[in-house]
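Structure, as structure tokens:
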Amino acid sequence: MDKSGVNNLAGKLVMLSLTMFGFGYALVPLYNVFCDLTGLNGKTGVVSSEVAEKMEVDMTRVVTVAFDTNIREIPWEFEALEKKVSVRPGEMGEATFVVTNKSDRKVIGRAIPSVAPTQASVFFSKTECFCFDEQLMEPGERREMKVRFVVDVDLPQRYSALTLSYTFFAIPNQGKVAVEDKELFRSRI
Amino acid sequence: MSEAVSHEEHHDDHDHKPSGIGRWLFSTNHKDIGTMYLIFSLIMFFIGGAMAMVIRLELFQPGLQYVDPQFFNSMTTVHALVMIFGAVMPAGVGLANWMIPIMIGAPDMALPRMNNMSFWILPFAFTLLLSTFFMEGGAPAGGWTMYPPLVGQLGDGFPFLIFAVHFLGISSIMGAINIIATVFNMRAPGMTFMKLPLFVWTWIITAFLLIASLPVLAGAVTMLLTDKFFGTSFFIAAGGGDPVMFQHIFWFFGHPEVYILILPAFGIVSQILPTFARKPLFGYESMVYATASIAFLSFFVWAHHMFTVGMPLTGELFFMYATMSIAVPTGVKIFNWVATMWRGSMTFETPMLFSIAFVVLFSIGGFTGLMMAITPVDFQYHDTYFIVAHFHYVLVTGAVFALFAAVYFWIPKWTGNMYDESLGKLHFWLSTISVNVLFFPQHFLGLAGMPRRIPDYSIQFAEWNQISSIGGFVFGVSQLILVWVVIKCVRGGEKATDQVWEGAEGLEWTLPSPPPFHSFTVPPQISDASAH
């Protein structure tokens, strides 16, 4: 038996398994890129406001965009001022959301967006959004947050209504707040 | 032949076995390590089986009788983990350890110390996993697939689950590296790849699947761990992560994993059928290529486990067609097995009976798999007892029956004694009848809408559940016969010849029964004419 041959091959196989461990992690950005490109999972596009304002407007049809608001494990009130707006593809739309901290302590939250139907979400882009940013709310504070968006003119004809949904989550691991929320969460299950 | 010469040459070291417990703890001998793997997997088979008995007992009647729902869910979850990682995989590795060196004419495995380590990791890994039963929050109960966010609700046992999976993965990967290194470097002169016994071939391919897929599982559970304790958000929506992504990563491992469980079984059956049909295996080369195709395709079908998660139509179509295409190489294999038996001079000893039952019952499991590959109807089958029936047909009457067949086929070689044939036949008939009583009604339950992983059910499911439970109890008790046969055979019995079976061909049958502690220290010569 050729001992160096064995060690050589075993070394290569160890490298292969380490590579596959890395590949497991590489699936995370790959998955996100794939979702961004295809609009899977309701991931929306982002365009700059200059690009959005120069888009030609399709005057032949109107798309209804409805707004959906949710909260998860966070003592806030979260609503959209208008439940829905009608826009033409290529035209800038705007929506205002109101958040109120109903508790007597500081809470940090973060909103995660999603668009339905998912197949249409690649055609929905935001130029300005409060989502993904951490929002610190003082006790009792009320704040208005704006979203500016544009529906692409290439949106297939079969879609006449879209829903933009936001869910506010408490930021986990934020000291006392998170601990209290965890207990609240535990008591529910 | 040269075997005779080689036996004389290493005659003196036959009895140089280390004595006492050290022989086992520090063993670097492929036969001893193989034996330990097989005994370990038999013990785990009974631990996992006991959990299955609890499940069937609770499901004997509607309503909650014996265990609370949390414990019931622990039973289903840990039963799966124990059976997959503790019973079927180690049994396969144990057979590979025992048989591959003596099938290819090698003196031992290529990396004997690593071999020792990969076995001894297992008892520690399962101590970690099973100790969670005594912890605050109990044992894992969110399903063996460990989907977040549910798995994150596990109490103190959570890190134990994750590290147990890590250790099991490391053990299997080391075993796989060892097998590939052995087959690539230590074949006897003249033993070309296309002369390898099919069991060796299926294990090479399985080993590559292990190396390519288990690290991905290790990555996925590491992400779960850091999500829970180190503030990452791979799968936490609040941090911008996505729980569905876990399912994609998990099943990228999970589908190759099911072939890791079944491919060695294909190899076993491909050794046994030609022996008792007294004909060479039909279509040897097509068997090798079919096995390799199944393994390759298994990396492109993962999303058929999650059709209902919400996927675009093109994705569902892709995974549907990709999944169905695996039926083609599998069909080639079934055809070859049947053609091997066709006009053979068949005799029906216990290993042959189990192998024939494997071909028939595995095909039933394969067909229900094809049904579920059809996306639109899968929405009805998803997470019902239909899937439970399907994967138990392929894993119990498939993988486990092939392992039974392997034990009966090779135990005369291992011990030097013939097993008790009438007890073996009793084990076969009781197992085969009861396993169908156990799992066939579950198809009907699933089609009628009974969900899996639920301790209680609506009363219209009562009859089939009762019948299934009775089958389950009989099947469970029948396995004690196997233990009896094994113990009896180890203790004594009619002496086995070197060839053991009239139609047996291959290097392992040229060695004495039992083979000496160190065999093939001088490699045998393989002539061009010898068959696989």
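Output the antiparallel fraction of DSSP beta bridges having both residues in the protein assembly as shown, as a percent to the nearest 5.
Of the beta bridges lying entirely in the protein assembly as shown, close to 75 percent run antiparallel.
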Note on chain B: contact order normalised by length, alpha-carbon pairs under 8 Å, 6 or more apart, percent, works out to 19
Expressed in angstrom and rounded, the centroid-to-centroid distance over alpha carbons for region B:445-469 and region B:284-311 is 30
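Percent of Cα-Cα pairs more than 37 Å apart in the protein assembly as shown, please.
On the way: 120085 of 259560 pairs.
Here the long-distance tail beyond 37 Å is 46 percent of all Cα pairs in the protein assembly as shown.
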With +1 at each Lys and Arg Cβ and -1 at each Asp and Glu Cβ, the charge dipole magnitude of region B:30-196 around its Cα centre, to the nearest 20 debye, comes out at 640
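Looking only at other chains, what is the average number of their beta-carbon atoms within 10 angstrom of each beta-carbon in B:221-230?
Values: counts 1, 3, 4, 0, 0, 0, 1, 0, 1, 1.
Taking the mean over all residues of the peptide, I get 1.
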Of region B:207-232, those with amide N under 18 Å from the point 7 Å along the Cα→Cβ vector of B:Asp156 are B:229
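What translational D, rounded to a whole number of µm²/s, comes out for region B:30-196 from Stokes-Einstein when the hydrodynamic radius is the Kirkwood one over Cα pairs, at 10 °C and 1.306 mPa s? The partial results should precede the final answer.
Values: Rh = 17.3 Å.
For the chosen part, D equals 92 µm²/s.
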Mean Cβ-within-10 Å packing, highest first, puts peptides B:273-283, B:44-54, B:184-194 in the order B:273-283, B:44-54, B:184-194
Taking N as the residue count of region B:414-532, its alpha carbon Rg divided by 2.2 N^0.38 Å gives 1.64
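Roughly how big is the B-A contact, given as buried accessible area in Å² (both sides, 1.4 Å probe, nearest 100)?
Values: alone 20840 and 11600 Å², together 29810 Å².
So the buried area, both faces added, is about 2600 Å².
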With no solvent term and unit scatterers on the alpha-carbon positions of chain B, Debye gives log₁₀ I(q)/I(0) at q = 0.09, 0.11, 0.12 Å⁻¹ of -0.64, -0.98, -1.17
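Taking beta carbons within 10 Å but only from partner chains, what does the mean come to for residues B:174-183? Mind showing how you got there, number by number?
Working: counts 4, 0, 2, 8, 3, 1, 5, 10, 3, 0.
Counting Cβ atoms of other protein chains within 10 Å of each residue's Cβ and averaging gives 4.
If packing is taken as the average count of other Cβ atoms within 10 Å, what order do B:321-330, B:453-462 fall into, highest mean first? Walk me through the numbers on the way to the answer.
Numbers: B:321-330: 17.8, B:453-462: 14.7.
Result, highest mean Cβ count within 10 Å first: B:321-330, B:453-462.
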Mean other chain Cβ within 10 Å across B:235-242 is 6
Quick calc, the protein assembly as shown, dipole around Cα centre from Cβ unit charges on Lys, Arg (+) and Asp, Glu (-), nearest 20 debye, gives 440
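Return the carbon/sulfur percentage of the accessible area of chain B, one whole number, probe 1.4 Å, all protein chains in place. List each step's numbers first, then the result.
Numbers: 13800 of 19550 Å².
Of all accessible area on chain B, carbon and sulfur atoms account for 71 percent.
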Rg from C-alpha atoms of region B:155-254, normalised by the globular rule of thumb 2.2 N^0.38 Å, equals 1.44
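The values are calculated or read from the model by the stated rules, or taken from the named source; none is laboratory data. This is a predicted model, so every value here is computed, not measured. Because the Cβ atoms are built from the backbone with ideal geometry, glycine has one as well, and the counts that use them run over all protein chains shown. Each accessible area value is taken on the protein alone, full model and side chains, heavy atoms only, with ligands, DNA and RNA left out. Shrake-Rupley method; radii C 1.70, N 1.55, O 1.52, S 1.80 Å.
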